[in-house]
């Protein structure tokens, strides 16, 4: 047997500091997992609500589009939103909520088709999503493609 005490007992302050660090790391990981779980539950709830609306009005798509947009805005914590459909030729606004009035006027204009390089064109081309942090920095905006009118006045 060795007469030397175990290293755990030779520096208890270091051991306590290590355990506190590990605890803090576990708490951060737990919080991240809980946030992931909560987000997944929120998405599942929104999906169930939209499916309920689809079941209650199978021939009228307007309430379905409104519900999809409302749930998406809630999940994204968005201040306003639009939902469009694309039939292979044209893009059509099917739901809107909270749009600034000038932008709403522009968005409702059936002649407003997506310009090349804009977010809508990228989605039509197959992008899974387009995240625009600052519209002023968006190339479509700088080139005057369709968002120019929305920013005026």
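Each reported figure results from applying straightforward, stated rules to the coordinates on display, with no laboratory input. Nothing here was measured: the structure is a model prediction, and the numbers come from that model. Glycine gets a Cβ as well: all are built from the backbone with ideal geometry, and neighbour counts include every protein chain shown.
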Taking the square root of 5 times each eigenvalue of the Cα gyration tensor, what semi-axes in Å does the equivalent ellipsoid of the stretch 11-77 have, largest first? 47, 9, 4
Using a 10 Å cut-off around each Cβ, can you sort 38, 87 from fewest to most neighbouring Cβ atoms? 87, 38
Given a Förster distance of 30 Å, the FRET efficiency implied by the Cβ-Cβ spacing of residue 109 and residue 45, rounded to the nearest 0.05, works out to 0.30
When 59, 45 are ordered from fewest to most other Cβ atoms inside 10 Å of their Cβ, what list results? 59, 45
In nm, to one decimal, how far is the modelled label at residue 94 from the one at residue 25, with both set 7 Å along Cα→Cβ? 4.8 nm
Taking 0.36 nm per residue of separation and subtracting the Cα-Cα distance, what length does fully extending residue 78 through residue 134 add? 18.8 nm
